[in-house]
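Everything on this sheet refers to the single structure shown next.
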4 protein chains.
Amino acid sequence: MIISMQVGATHEQIEAVSDAIRQQGLEPLVLPGEDRTAIGVPSALSADQRDTLETIIGALEGVNKVTQTSRPYKLASTEFHRDKTIIDVKGVKIGHGHFVVMGGPCSVESHEQFSESARIVKQSGGTVLRGGAFKPRTSPYSFQGLQEEGLKIMKQVGEDAGLVTISEVMSGDMVGLVAKYVDILQIGARSMQNFPLLIEAGKSGKPVFLKRGPSATTDEFLLAAEYVLSQGNPNVILCERGVMAIDRSYTRNTLDLSIVPVLKEYSHLPVIVDPSHGTGVARYVGPMAKAALVAGADGVMIEMHPNPKKALSDGSQALTPEQYISLMTDLQGLARYLGRAS
Amino acid sequence: MIISMQVGATHEQIEAVSDAIRQQGLEPLVLPGEDRTAIGVPSALSADQRDTLETIIGALEGVNKVTQTSRPYKLASTEFHRDKTIIDVKGVKIGHGHFVVMGGPCSVESHEQFSESARIVKQSGGTVLRGGAFKPRTSPYSFQGLQEEGLKIMKQVGEDAGLVTISEVMSGDMVGLVAKYVDILQIGARSMQNFPLLIEAGKSGKPVFLKRGPSATTDEFLLAAEYVLSQGNPNVILCERGVMAIDRSYTRNTLDLSIVPVLKEYSHLPVIVDPSHGTGVARYVGPMAKAALVAGADGVMIEMHPNPKKALSDGSQALTPEQYISLMTDLQGLARYLGRAS
Amino acid sequence: MIISMQVGATHEQIEAVSDAIRQQGLEPLVLPGEDRTAIGVPSALSADQRDTLETIIGALEGVNKVTQTSRPYKLASTEFHRDKTIIDVKGVKIGHGHFVVMGGPCSVESHEQFSESARIVKQSGGTVLRGGAFKPRTSPYSFQGLQEEGLKIMKQVGEDAGLVTISEVMSGDMVGLVAKYVDILQIGARSMQNFPLLIEAGKSGKPVFLKRGPSATTDEFLLAAEYVLSQGNPNVILCERGVMAIDRSYTRNTLDLSIVPVLKEYSHLPVIVDPSHGTGVARYVGPMAKAALVAGADGVMIEMHPNPKKALSDGSQALTPEQYISLMTDLQGLARYLGRAS
Amino acid sequence: MIISMQVGATHEQIEAVSDAIRQQGLEPLVLPGEDRTAIGVPSALSADQRDTLETIIGALEGVNKVTQTSRPYKLASTEFHRDKTIIDVKGVKIGHGHFVVMGGPCSVESHEQFSESARIVKQSGGTVLRGGAFKPRTSPYSFQGLQEEGLKIMKQVGEDAGLVTISEVMSGDMVGLVAKYVDILQIGARSMQNFPLLIEAGKSGKPVFLKRGPSATTDEFLLAAEYVLSQGNPNVILCERGVMAIDRSYTRNTLDLSIVPVLKEYSHLPVIVDPSHGTGVARYVGPMAKAALVAGADGVMIEMHPNPKKALSDGSQALTPEQYISLMTDLQGLARYLGRAS
């Protein structure tokens, strides 16, 4: 931690900062220089010390800025966990060296629609089936999902097809219910900092698929993962799904593919990209899915609907079965070319 | 609703859109012209029709863009509820023509710290006392609040001082607990689209203080309010607390004061501004609080700590008691000058 | 300057950074600690050393992050120029303690339209008259201004009315032309980092009114001012005019009023706010202009048109004469209440 | 064009809008319905009519919102120019079906440094050599480039190596000078809306490489291209180089790869991606360059320095010769796999 003092900070102000550091049992290192003084704290800080110091020193007079010189996350960091995490869900491996596709409709709408979706996913070589039962919708007047009925359909269809299933859980008190039916718990972008939900998902021990919030920084994203990890659950999958767009008139969000190599460098967790929500436009999903693979993602999540024109939600971003199958062929070829297992 | 077709859209594509509209029992109005055709739907749409049409038509070929010509919220809108909402909480009026200050520390830390805070709020003419018991923290290693113990302190101190209390609730299943102890339920910025929470807060009937998410559009904000309102709870207070900053190195967020007149025009709900979180810097809180009043806000929420240097959270944005009392004097003078009741 | 090394950086990598610092004739201070080593450079750096070091060290292996502990601007900074700048333009004082209104139409359209504008500005107690002659327009097909003819009208009308004039200059080679006719050179938001223009405006010695770019950080803004100041021209006026909006559907930009106290703290230069471009909506101009005054701005720039319905550009954000005069009355009352000279 | 009236707009207000439309010689189409009335203008509008109407109607009472149903650019649009543009620069083809790499250092620093750069570019199969002579720098104290001396070096080295050259021009009055020495004129991100520069670059007839501004929407970007095209110069190359980042602590900008398929759909112009500025970090350049190719870009611009540790600018984002050559091999393999000519 480095504390930069204001230009003209008095000797007393510098001493007050040093005292605050000493009160935590640490040794301050005063660096007079340039136009201002900086004060370093070279020792290893516990999380508590780090937090307490930042709060206390931030309120002292003469302080210009407090800068952390280490990243705030630990369990999610490559620095403390050098081996890449590979998560095994019923034999499907997610992470380092594998490339997984999670396909299926935005919402589970009926047994017929969902089993047809599963058939297409399976036929095109897929292993993970997605579908929403509890739908977070911006408007209270939009279709909210089939809820538990949808989960039941998902469980049965997944088992029949031999596919791993993933569905969203929106609150901590529903983790138990959703975990009963599905293999991977999805935490949506709007819930990335729903801390009670993160904690319950952590306690469940189930694999957790965590989507980045639309304005979340990398540190905020990895700290959200840290909430799950710190409950003793190592099975966290990170998902980039687009950040706030400068321009919402051509795409719904801005898919931030450059976070893929960043996350792969700073964290050992698997990284998946969702180009369907990331762009919101079916015809951009293919190029972005392939770009994600090439950029180093461990997989993609793709929305497909047996009949997008009849979809109850997000029809404009869902691929048709033909488009989906064609994209799967492209991705498999590209993965082989790159020497990536799929 | 207006559907703009692509340039060169075929007659068949235009007909397919018209058919989709007719299937909802509505009449399409084809506007040939400029370089492309547009198709209007002039009838009144129910929420369901609106949503269904947008999804279905967005997936049709030849469609360039679907534009809604009316706003998606109803209950929150001035257009359908012309009288300004005034919420009465134990005799304290919030909304149109009144100016309220909600003051207190970031966190309830102890009975002593909190009752001292209450004394200062009361002494400076305040009516509402804030304080966090359950704290949403970006890092799992930060102080998480005193939890139920904090709520008990809050209730007792509030009653002793004769102040209305407000505290944050972070999940739907905790609404009952928090509602037992405090007068106003706060929903934080990170929870703005926690839909199960919005619904439970709606059902509780308690006044709900809803903070805008850091990248929420005005429509998304008012639709979040709509979730609460649609449960039959008319007591929603909107709070602007800063949006994602272009530059986090001088302020924590960008306080978007221009949303104040926008919200006052499009909605009848009370609008409060939180310059403490909005700037994250104690010395900018005063100017921004006064600017909020002048811009038309119905109140401000201000963090104050009896001793910011000892605060367990957010010390750098809390005012000292002296700064707080001085700001209260300024605000009261300004409110009088502007003819606003405080 | 602080260099944070990666966790696990080798002794050789740390030495390479130290060597690079020594090659600039400076002394590195190695701070082993926490999970990683940091290296401080406590001496005063010249701008050249600062820049060179950042570039060179950023390319070395094992380096995690280079952080500057001092701000990059000098001449614009309060730290090196403690007295607030007051600019005197033909007797009109701009800066510290004064509050100035710059009013007038978006574009100079005709002698009649502009002299009528001047009459209203003068009558309502104004001192500075604005109007565009060379108009930067997003589309090449939009009205581009009357150009030199507009400047001639401006000069004559300004002199007749006894008002100081301000108009935009869009390129370095036109500084001479515009400076011949107007009193203050305006540099638009899109030109904030047009460095050849900044340098020519600096050389002209004329007062320069510099608008913040729509995604400019505070440092970038003050460094743009630094370009003008470093040419020996101390007469720079800063203008906030709105940053990129999260939501363009209610306002054109997000007016960032919190930059007002930030700029007043870190710089000695006058700060003006333009709520007309900042919101893009006439009915929000008044509340935001008053909020700017209360937040500490040294003035506002307001668009007014004798007949907004006939305006050739930006009609939707221009006030009518009646609205303008009423706002001037409000601002003068508020300035008096606050003890600010107008 | 569609004008959406406010709910409760009066008959007189609706008539006033209709009259304004008729005064332009156009026929309004009134669509009563939903909660509000909309008014369509179905005829083909000239650019002037479009602009005039938007300005005038935006100022009328009772108007809620004016929406354009067609895109504002014409010459840049696929809708009016169906064939993809291929630009031939001294035999090097840029655009549709070709994949070009523009490589070289941030700045031309010396004949030796630049000819060594050229040798590496040539050896690895490259055709276009980049290098800055006039450098736009955020700080006036940073290295500003060798200026005309740099251009002379560039011209000689380019001719000796048989490479096409590209360098930045920062103002309209310098177009002639730069055009004398280099083959392609680069317009930087900060100059994207430097309209006098765009016009002069258009008049020069030289190929123009236009970088997207850090907060530019797609429409603003294509309208900037339209400025060049409307001068009769069809040789415009679009370049995505990263937009304003949510988080500047891991990458300098957010590279917006999803604009690649958007631009390829809506425009016929070639699209290049610059991952060096887009990320600002050498080790992310490779993954992002490959992702750009896969996403459909017509080429990439890559910074490489014979010795990044000695670079005078942007050393931290430049590849070493080894990294550059390795990336070229990867890109060529990937292009062959995808059936793209390089």
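Brief remarks follow.
- Considering (1) in contact (Cβ under 8 Å) with a residue 60 or more places away in the chain; (2) out of contact with any Pro (no Cβ under 9 Å at 6 or more places or on another chain); (3) more than 30 Å from D:Gln323 (Cβ to Cβ), the lone condition that C:Glu116 does not fulfil carries the number (2).
- Scope segment C:304-331; condition under 24 Å from the mean Cα position of the chain (by Cα), more than 15 Å from C:Gly132 (Cβ to Cβ) and at pLDDT 95 or above; matching residues: C:Leu319, C:Tyr324, C:Leu327, C:Met328, C:Leu331
- Only one of C:Val157, C:Val169 that is more than 19 Å from D:Ile199 (Cα to Cα) and touching a strand residue (DSSP E or B) at 6+ places or on another chain (Cβ under 8 Å): C:Val157
- Any hit, segment A:260-273, residues being assigned to a loop (DSSP other than H, G, I, E, B), more than 12 Å from chain B (Cβ to nearest Cβ) and surrounded by 24 or more Cβ atoms within 10 Å (Cβ to Cβ): yes
- Check on A:Ser142, hydroxyl-bearing (Ser, Thr, Tyr) and more than 17 Å from the chain's Cα centre (by Cα): yes
- The lone criterion from (1) buried (at least 20 other Cβ atoms within 10 Å of the Cβ); (2) more than 7 Å from every other protein chain (Cβ to nearest Cβ) left unmet by C:Leu338 is number (1).
- If the condition is being surrounded by 18 or more Cβ atoms within 10 Å (Cβ to Cβ) and among the β-branched types (Val, Ile, Thr), then segment A:299-324 contributes A:Val300, A:Ile302.
- Residues that are surrounded by 23 or more Cβ atoms within 10 Å (Cβ to Cβ) and under 22 Å from D:Gly333 (Cβ atoms), drawn from segment D:121-149: D:Val121, D:Gly126, D:Val128
- The residues of segment A:27-41 that are more than 7 Å from chain C (Cβ to nearest Cβ) and either of a type in the set (Asp, Glu) or crowded, with 18+ Cβ neighbours inside 10 Å (or both), listed by number, are A:Glu27, A:Pro28, A:Thr37, A:Ile39, A:Val41.
- When segment C:173-207 is filtered for residues that are of a type in the set (Phe, Trp, Tyr) and within 14 Å of another protein chain (Cβ to nearest Cβ), only C:Phe195 remains.
- Taking the numbered list (1) farther than 20 Å from D:Pro270 by Cβ; (2) over 17 Å from the mean Cα position of the chain (by Cα); (3) surrounded by 24 or more Cβ atoms within 10 Å (Cβ to Cβ) in turn, D:Asp247 passes all entries but (3).
- In segment D:277-302, residue nearest to C:Ile21 (Cα to Cα) [restricted to those that are facing another protein chain (nearest Cβ under 10 Å) and in contact with a Lys or Arg (Cβ under 6 Å, 6 or more places away or on another chain)]: D:Gly280
- Within segment A:227-240, the set of residues being crowded, with 22+ Cβ neighbours inside 10 Å and of a type outside the set (A, V, I, L, M, F, W, C) comprises A:Tyr227, A:Asn235, A:Glu240.
- Being more than 11 Å from chain A (Cβ to nearest Cβ) and either under 28 Å from A:Asn307 (Cα atoms) or at pLDDT 80 or above (or both) is true of B:Asp88.
- Yes/no for A:Thr329 being surrounded by fewer than 22 Cβ atoms within 10 Å (Cβ to Cβ) and touching a residue at least 60 places away in the same chain (Cβ under 8 Å): yes
- A:Leu163 being in contact with a strand residue (DSSP E or B) (Cβ under 7 Å, 6 or more places away or on another chain), assigned by TED's automatic domain parsing to the domain that holds A:Asn235, within 17 Å of A:Met102 (Cα to Cα) and of a type outside the set (Asp, Glu): yes
- When segment B:303-326 is filtered for residues that are in a helix (DSSP H, G or I) and away from chain A (no Cβ under 11 Å), the ones remaining, listed by number, are B:Pro321, B:Glu322, B:Gln323, B:Tyr324, B:Ile325, B:Ser326.
- Residue list for segment D:165-193, filter: within 29 Å of D:Thr254 (Cα to Cα) and of a type in the set (Val, Ile, Thr): D:Thr165, D:Ile166, D:Val169, D:Ile184, D:Ile187
- Criterion: more than 12 Å from chain D (Cβ to nearest Cβ), modelled with pLDDT under 95 and in contact with a Lys or Arg (Cβ under 6 Å, 6 or more places away or on another chain) - qualifying residue of C:His96, C:His81: C:His96
- Restricting attention to segment B:22-57, the residues that are at pLDDT 80 or above, more than 14 Å from D:Ile2 (Cβ to Cβ) and touching a helix residue (DSSP H, G or I) at 6+ places or on another chain (Cβ under 6 Å) total 4.
- The residues on offer are B:Gly97, B:Gly131, and the sole one that is closer than 25 Å to B:Val285 by Cα and touching a residue at least 40 places away in the same chain (Cβ under 8 Å) is B:Gly97.
- On inspection, C:Ala59 passes the criterion of being within 12 Å of chain D (Cβ to nearest Cβ) and either over 20 Å from the mean Cα position of the chain (by Cα) or closer than 23 Å to C:Leu331 by Cα (or both).
- Considering (1) closer than 17 Å to A:Thr85 by Cβ; (2) more than 9 Å from chain B (Cβ to nearest Cβ); (3) buried (at least 24 other Cβ atoms within 10 Å of the Cβ); (4) not basic (Lys, Arg), the lone condition that A:Ala224 does not fulfil carries the number (2).
The values are calculated or read from the model by the stated rules, or taken from the named source; none is laboratory data. Since this is a predicted model, take the numbers as computed values, not measurements. Cβ sites come from the backbone with ideal geometry, for glycine too, and all protein chains shown count toward neighbours.
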